[in-house]
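Before any comments, here is the structure.
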Amino acid sequence: QVQLAESGGGLVQARGSLRLSCTAPGRTFSNHALAWFRQAPGKERELVAWVNWNGEGTYADSVKGRFAISRDNAKNTVYLQMKSVKLGDTAVYYCNAGAEATYGTYASSALWGQGTQVTVSS
């Protein structure tokens, strides 16, 4: 059962930009930390970025300086702005509504979407 809905994926050229969105019909995001994960073919799902209730983002080293996560609680939406994309960013991107755990880490939950495909071409 789909609980979250991602959108905005597609085909983008290397060094281009793309913005992903995630919303949750019938749910409230404001009491969750929110995250974007991605999974490339043959690889495990990895955490890309997460944002706490206060809007502070944390990023994987591989995307730091290129991606920006943000949230709009009034619209119940979380975004991932992707810039200077690389071939290695090709993956299915998923959002998750979880929690900020101890020591400032992210704890994922069972609230996932079906994902949106991002394909970077050379």
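Answer yes if at least one residue in the range 42-52 is open to solvent by less than 40 Å² (accessible area, probe 1.4 Å) and at pLDDT below 95, and no otherwise. Yes, some residue in the range 42-52 is open to solvent by less than 40 Å² (accessible area, probe 1.4 Å) and at pLDDT below 95. Taking the criterion of being closer than 16 Å to residue 96 by Cα and of a type in the set (Lys, Arg), the only residue of the range 1-32 that qualifies is 27. With respect to residue 7, is the statement that it is free of Cβ contacts under 8 Å to residues at least 60 places away in the same chain and either in contact with a Phe, Trp or Tyr (Cβ under 6 Å, 6 or more places away or on another chain) or among the polar types (S, T, N, Q) (or both) true? When the stated conditions are applied, residue 7 does not pass them.
Residue count for the range 56-100, restricted to those that are modelled with pLDDT of 95 or more, small (Gly, Ala, Ser), under 18 Å from residue 46 (Cβ atoms) and surrounded by 13 or more Cβ atoms within 10 Å (Cβ to Cβ): 5.
Scanning the range 10-29 for residues that are over 14 Å from residue 83 (Cα atoms), open to solvent by 60 Å² or more (accessible area, probe 1.4 Å) and in contact (Cβ under 8 Å) with a residue 24 or more places away in the chain returns 27, 28.
Filter the range 101-122 down to the residues that are open to solvent by less than 40 Å² (accessible area, probe 1.4 Å), within 13 Å of the chain's Cα centre (by Cα) and either at pLDDT 90 or above or closer than 19 Å to residue 60 by Cα (or both) and list them by number. Correct list: 106, 115, 116, 118. Residues in the range 41-57 that are farther than 20 Å from residue 31 by Cα and part of a loop (DSSP other than H, G, I, E, B): 41, 42, 43, 44, 45.
The values are calculated or read from the model by the stated rules, or taken from the named source; none is laboratory data. Keep in mind that this is a model prediction, so the values were computed, not measured. For neighbour counting, all protein chains shown are included, and Cβ atoms are generated from backbone atoms with ideal geometry for every residue, glycine included. SASA here: full protein model, heavy atoms, side chains in, ligands and nucleic acids out. Shrake-Rupley method; radii C 1.70, N 1.55, O 1.52, S 1.80 Å.
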